[in-house]
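One structure is given here, and the rest of the page talks about it.
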Amino acid sequence: MIRTSLFIDTVTGTGRGVFTGEDLSKGTLVEASPVIVLSKEERILLDQTLLHDYIFLWGKGKLQCCIGLGYLSLYNHDYQANCEYEMEFDEAIIRVTTVREVRKGEELCINYNGNWNDTRPVWFDQGKGK
């Protein structure tokens, strides 16, 4: 499920991003994305490709990874994200929900650390955190 008001647009410096064409209230489910779960061995192979930047660590021990279908892999990172994601391991789904009100035309971002307001530097931003 992808909210019908979402769209993809170009973001200077990062490529593509996910945007909303309507105002969204806090707590709005914007996407429930099915994922393709890959093994620990497949993850090692993916880490050697461009897909490394688009996968999510998966499972309780984070030994596996997954590729999100829908728009999931196109949400950009923000240390003070306006959305959060929740992994449903049994259902093989990741849900994206707003954590605050989001205005029409605003980019929807998640925090790649897993918590929407976690300021620890992420792998591509070492030493920069906020």
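The values are calculated or read from the model by the stated rules, or taken from the named source; none is laboratory data. What you see is a predicted model; the values in this text were computed from it and never measured. Here Cβ is always computed from backbone atoms with ideal geometry, including for glycine, and neighbour counts include all displayed protein chains.
Across segment 86-100, a minimum of one residue is classified as over 24 Å from N117 (Cβ atoms) and either in contact (Cβ under 8 Å) with a residue 60 or more places away in the chain or exposed (fewer than 12 other Cβ atoms within 10 Å of the Cβ) (or both).
Taken together, D23, D90, D9, D47 contain a single residue that is charged (D, E, K, R) and modelled with pLDDT under 95, which is D47. If you scan segment 31-56, which residues turn out to be of a type in the set (A, V, I, L, M) and within 13 Å of the chain's Cα centre (by Cα)? Hits for segment 31-56 are A32, V35, I55.
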